[in-house]
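Everything below concerns the one structure shown next.
Read the figures in this text as sums done on the coordinates, not as results from a lab. All values derive from a computational prediction rather than experimental measurement. Quick reminder, even Gly has a Cβ in these numbers, built from the backbone with ideal geometry, and neighbours come from all protein chains shown.
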Amino acid sequence: MAWFICVVILLLCSKSELCTTGNASKLIEHTAAHFFEKMQSGKMYFIYFGKQVNPTIGLFIEQLEKSADVLEDYGISVAKVNCTNEHIAKYCTGEKLMKKVYLFRGGNVLKSFDTDTVFDVNAIVSHVLFTVLFDEVRYVHTIAELQSVERAAKGKADIVLGHVQVLGLPEHRALMETAFVYGVKYQFVLTTGGPVLTNMGVEDISSLTAGLWFLHCKGASQSQHSDSCPHTALRRALTTLHIYTFLQLMEAPLVSEASVEPSEVNMVHSHLQVPLLFLFSQPHTVALDRVTAQTLAWRLRGQVGLVLIHRESPDVKIPLEYNAAYRLPGEGSEVKYLILNNLEEVIDLFRDESTPEEEEDDDNWATLDVLDDEVAESVYRDRGQSLDMDAVTELTADTFHSAVAESDYTVVLFYVKWDAVSMAFMQSYIEVSESLEDADVSDVELAVLDCGEWTDVCSAQKIRSFPTVRLYRPQEPSQPYQGMLGTESLNRFIMLSRLVSPVLLSSPDEVTSFLEGDMYQRHAAIAPVTVLGLFSSTADAGVPVFKEAAKALRGETMVGLFADRQAEIWAVEYSVTLPAILVSRGPTGQTEAHSLNLSMPDQLVTHIQRALLDTFATVIDGGHSAHLMKVHMDQIQTLKTEIESLKAHQQKEKHYLRAEIQATADALVQSQAALMESRAVNDTVEEGEERDGVTIHARHTCELWNSTSDRQTQHTLPFKCLGSLKNVLVFERKAIFLCPFKMASN
Amino acid sequence: MDSPILLLLALLVALVQCFPDDYHSHNSTRHHDYCVLGAGPAGLQMGHFLSKSQRDYIILERNSGPGSFFNIYPRHRKLISINKIYTGRRNREFNLRHDWNSLLSDRPDLLLQRVSRELYPDADSFPRYLSMYVKELGLKVQYGVDIGKIRASETESPRGRGYILTDQRGLDYTCRVLLVSTGLWDPQKVQFEGSDLVEGYESIPVDPEEYKDQAVLILGKGNSAFETAQSILGRASRIHLYSPSPVRLAWQTHYVGDLRAVNNELLDTYQLKSLDGLVEGGLEDIAIVRNGEDEKKRSGRKKKCRSSGKEKRGKLFLTLSELLDSSDGKNSSKVTATNLPVYHNDNFSLRQPYDRVIRCLGFRFNFSIFDGSARPPSSEGARGRLPGVTAWYEGRGTPDLFVLGTAAHSRDYRSSAGGFVHGFRYTVRAVHRVLELRYHSNSWPSIKLSISQLQSWLLRRVNEASGPYQMFGVLGDIILLRGSHCEYLEEFPLQALPQFSSLSGHQLSKHGLLVLVLQYGLNRTDSLGPGRAESEWTRAWRSNFLHPVLYYYDKLPTERDMRHRPVGWPLPRPKAVHHMIEDFLTEWDGPISHSQPLRRFLEHCLHTDLRAFYAESCFRFSLTNRKPPLFCRQGYLRKHGVVRNRQLWQHAHEAGLMPGGQDSASPDTDPAFPDYLTRAGASVSSAINLDF
């Protein structure tokens, strides 16, 4: 038998393409005879008369089928009549055919609908039910209409006022479905906007698409004709479930009273997934507490259940300091106790979400209270220790000028006490001062000046950043210290600054001594690299320039000057032309020579600074950290020209260019290589931008890298270097660093 | 032929110049780039700035010495501006926050405390101080020049129109720019029936003995009214203060022009019911009548009343003008019982007669010396007593004429300190900076700072700056953001922000700007009640007392934005705002409550990490990031990193902030890196892409 039905359905499908999605559909297809028979039964029918099926109608039929399931619950049968096969007078004829659906009751047409109006399940259900409940659900538009309904209902029934902006939407359906069930109990009123809403306290009518209010008219006395009933709004979306819950809540008592622990209280609210608010009452304040509870309950009605707990009961063991508690819905949710000072706080507690989030907020703030700046935090943790400022001189506006004039060398640290870096460096600064004292260095005075107090001095000295360290010598312009803010660097700077710069050498012997002999050895600890300027005579125009540069380099390295005809000897030896500089790295290291043809001291300084760079540019600074230095401009130059030629060649948009370079780099490394220092590349291309911190991470060999890791820092570096390819360091994990230039050692 | 004449002319000119001013011929004119009218505190302050920038200026003063207002006023000779000498600090800028009398100069000791050591100095010390100021700074003041007429010059020269000032001898002074610092001299008067019976504050006797056992009615409830009341409190029998508005206490309103506690003894005697009192009522509808001779006649008949009649004879009654009108016809000089309010209302508060009625209603600007072509309009606020000026204190409709000092108070009337020495000394400086740009192309002085230094610098200003502190809500520091650095401009008039570029000569970049303002909270709270101060930094926006507020804009607010700013706000709604929690000691240097929230705000605005790092961390970041944090870029990578010592290293490690583990490699995965920055970090990297 079953296969036969299947065949029939299959046939039907193939013939009329009225393919139903499942066998369970409640949609009945009527024959003419069937139709007339049913009409007599007095039941309600929602019937569609159709002929041929086009896609639009197909969609409608689909919706009609779905609605059949729903409407069956309300005792309404949904059916369709195929007019091609059956002919029913009046319905299967006429122009409107195909476009109309009819609702029958006892053989009479109750209402006909356009298929456009009842376009989907929600629309069908809502419209059909609205028609069926025509007598029970009142439609109002003006305030007067509502008032007349209210007057009629007063003392008898409560009113449920629903608002939907458009009929036929899910909200309308939910409302109608509820009305169908509760129509006897409550008076349902429907509005589609207008002045009625203003009465309900809606400010922006146009933005409210749907809403529901419960008007407590049953309890209202009939005598107060003019007053409208008090109302409670549903503060959630209009769904059947929400409306149901809401109506249940409206039925629940406003305030319940109990004499047990809050966790023991069992109310309808817990089933309805609504939080409970407990207020604790004392015997002598019961009356007042009831009033408070009532007031609160009115304001929170529909959102929260309110329970007044009598504290005096022996079953109640609540800490006395609390006067309220709440319990969120859900199995096993904890009772949370709080202290509330006024009603608004309670209202706020439940305002947006029914779940208060106060605790979380507190946590957030708490984490914000923690300093996340390592320097600030470490200084802050040290706040218990007061700095021992005895070792340094604390200058004031009155003493500053005399102090810097008196001593041969005065080093001044300008600081502000709210700058953590200043205060961190202050500790190292004091250490330097102590170590100088121990070393019996008497001609150097270390001083500090608080710019927070002596603001005039700092303004006059044009201090623009904190901390600033300057070296003052009588009758000479002050010299800024630009090295690392640490004990060792500062110490070296001070020691080097005490040397005359440049050292004037008068004989070849002295030159040898300066480069690798006694003179070198004496200062090797603080100046492992020395620079010697070679000029053919003191009359050379380059000599004053060199002297100027040497002054600027004071504190950085030891600079010598040999201006004599005999300088030619060295020039020949190192195959350079005079004037030139020799950079010596002591007797064991090699000595490099560079020709000079620079006219400005600044240029010369940069030139010498570059020449000073070790072949391995990594410098172990402060004895602790590996330092990365600015790299040789010549070496960048190669890269720069490459990029520029690429730029000229490609004539592409800037970011395409970037992609291009990226691709080149990737190809070069042939793996997940990171293009090191994209910033440096960036800077060479973008001339206009300020060049801040242009750095190339210098030429590391694996050996150096790993030694840095082990020896110089207390923690290990993130990557262990495995080996070096041509210009790539290969690391154990994650990263491969591309050095954008040749390794100097190769 | 020509040369001898030229020579003669040159000689003549030289001769003329040799003679003192008085020898000038009647019609000769003198020209100055700047004429400052009045050698009061504002005029001298401007004189100092003009002299410092070596401008061609002259200060014209009608009296024989500076600050002559203070030779007369305050009548009872006590200045109520604070002269606080001991602040426990030696920071000059900070100390100016508590020195309300001194003018600005570069000399550290040119302060009022050299003349007077009193907290509330004697009024005579102020002109003395001003004389000292003129002398030590060598300001060019011409005394005895009483300018009676000011007109705009008709000829339009390419340099602007200029003004012509005529003095009492008919001498003309032509000025390219006129700076009006004439102060307020005209007593404010209200016309009502019998106002001729009223004595003015300017002319009352100051000897308390003159008020012995007298009942005194004072019109007004300001400082001058209370000052007068206070001086006669021990002699007068009854003092009533009458004016439309209730008394406003400076310590409640934070406005120093309201009643200062120095003068408020009468509040005590009023509230303790000791015969004195305050009454509110309109001034226009009252009338003062004298009980005169007709009383005498009647007293002859009714002997019983004689004693009381005598007592009341010649006394002044306060009544209402409407009661006088109702009496027969225009003959209001004859006072009958029905003319007095007590006849109609037997418990009328001011029913008892007075021996004196004193007007203490303040002063107004003297508009009369201005010709129509040069007269600034009356201000909208301040009851029209002051000239209306633009946000940069130029008269409305009178280009090249600026109003300085008390007369310029209409900009911040009843809200800030622009009407007082301790306020306008800063606005004068602001005006001078505007002048420097407009007439000499010197843009507003600015300091270029690295972004990593901005936080320290802001804290420095917040902790010491006196200008924004005194002129709260009116002058503020502007920080022009320029990527890795910024330009810091001090004390710009906030209301002129829409015209920022044309007034300061600085251009805004696409990075936007920050404005640092000090302001009081907007929520009016009980000044002495509980909860008046906020101490939790997370609730800094609820601060009630003076506290720093930072506004961040990505572009300049427009004129329209300015007009539609929220009520009570000094500036329109910004893109981001940061309140620094008010501080009891006005020291904003706490790492947790002040520094860190400020840093986070700056990070938010600048989209960059502003934290400081030790060298080790920077090293790590440099190797693992394309772009290490700013602090490392500007410090460590320039060989200027911070090396920790052992102790601090320990602390940082304990705090768990130092990257010590093997895993964390980039800020994005670093657990110590705050969440809220990851987004900022993302935008930074995308910015890099675009830059390229």
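Based on the Cβ-Cβ distance of residue A:291 and residue A:166, what FRET efficiency does E = 1/(1 + (r/R0)^6) give at R0 = 60 Å, to the nearest 0.05?
Efficiency, from the Cβ-Cβ distance: 0.90.
Using 7 Å Cα-to-Cβ label points, what is the residue A:40/residue B:114 separation (nm, one decimal)?
Using points 7 Å along Cα→Cβ, the separation is 12.4 nm.
In the structure displayed, which of B:140/B:189; A:417/B:639; A:43/A:154; B:84/B:212 lie more than 25 Å apart, Cα to Cα?
B:140/B:189; A:43/A:154; B:84/B:212
Please give the residues of the stretch B:431-445, grouped as numeric ranges, whose backbone N is less than 13 Å from a label point set 7 Å along the Cα-to-Cβ vector of residue B:52.
Residues B:431-434, B:436, B:445 qualify, since their backbone N sits under 13 Å from the label point.
Please find the FRET efficiency linking residue A:117 to residue A:248, where r is the Cβ-Cβ separation and R0 is fixed at 30 Å, and quote it to the nearest 0.05.
Approximately 0.40, to the nearest 0.05.
For residue A:31 and residue A:312 in one chain, what is 0.36 nm times their gap in residues minus the Cα-Cα distance, to one decimal in nm?
Contour length minus Cα-Cα distance gives 93.7 nm.
At residue A:537 and residue B:174, where each label point lies 7 Å from the Cα along Cα→Cβ, what is the point-to-point distance in nanometres?
Spacing of the two 7 Å Cα→Cβ label points: 6.5 nm.
Report the gain in length on full extension from residue A:259 to residue A:342: 0.36 nm times residue separation, minus Cα-Cα distance, nm rounded to one decimal.
The span from residue A:259 to residue A:342 would gain 27.5 nm if fully extended.
Looking at the square roots a ≥ b ≥ c of the eigenvalues of the Cα gyration tensor of the stretch A:499-619, which shape do they give, rounded for a/c under 1.5, prolate if a/b is larger than b/c, or oblate?
rounded
To make sure I understand, if each residue's beta carbon is the centre and we count other beta carbons within 10 Å, what order do B:358, A:463 fall in, fewest to most?
The order, fewest Cβ neighbours first, is A:463, B:358.
Nothing charged except the Cβ atoms of Lys and Arg (+1) and of Asp and Glu (-1): what's the magnitude of the dipole of the stretch A:499-619 about its Cα centre? Round to the nearest 20 debye.
Roughly 260 debye, rounded to the nearest 20.
In the stretch B:514-607, what chymotrypsin sites (Phe, Trp or Tyr not before Pro) fall in a loop by DSSP, with at most 10 other Cβ atoms inside 10 Å?
Qualifying residues, ordered by number: B:584.
Are there any trypsin sites (Lys or Arg not before Pro) in the stretch A:176-282 that are in a DSSP loop and have at most 13 other Cβ atoms within 10 Å? List them by number.
When the trypsin sites (Lys or Arg not before Pro) of the stretch A:176-282 are filtered for loop state and at most 13 Cβ neighbours within 10 Å, A:185 remain.
Tell me the label-point distance for the pair residue B:567, residue B:366, using the 7 Å Cα-to-Cβ offset, in nm and rounded to one decimal.
3.9
What's the extension gain from residue B:555 to residue B:90 if we count 0.36 nm per residue and subtract their Cα-Cα distance?
163.5 nm
Where in the stretch B:210-239 are there trypsin sites (Lys or Arg not before Pro) that are in a DSSP coil and have at most 13 other Cβ atoms within 10 angstrom of their Cβ?
When the trypsin sites (Lys or Arg not before Pro) of the stretch B:210-239 are filtered for loop state and at most 13 Cβ neighbours within 10 Å, B:212 remain.
Mind checking the dipole of the stretch A:377-518: about its Cα centre, +1 per Lys or Arg Cβ, -1 per Asp or Glu Cβ, Debye to the nearest 20?
740
Taking a point 7 angstrom from the Cα of residue B:202 along the C-beta vector, which residues in the stretch B:376-402 have backbone N less than 16 Å away?
B:385-386
Calculate one ³J(HN,Hα) per residue across the stretch A:261-273 by plugging θ = phi - 60° into the Karplus curve 6.51 cos²θ - 1.76 cosθ + 1.60, and present them in order as whole Hz with x for glycine and proline.
4, x, 5, 8, 5, 10, 9, 4, 4, 5, 6, 8, 6
Find the centroid of the Cα atoms in the stretch B:601-627 and in the stretch A:132-175, then give the distance between the two in whole Å.
Taking the Cα centre of each part, the stretch B:601-627 and the stretch A:132-175 sit 63 Å apart.
Give the shape of chain B as rounded, prolate or oblate, defined through the alpha-carbon gyration tensor: a ≥ b ≥ c are the square roots of its eigenvalues, a/c under 1.5 means rounded, and otherwise the shape is prolate if a/b is larger than b/c and oblate if not.
oblate
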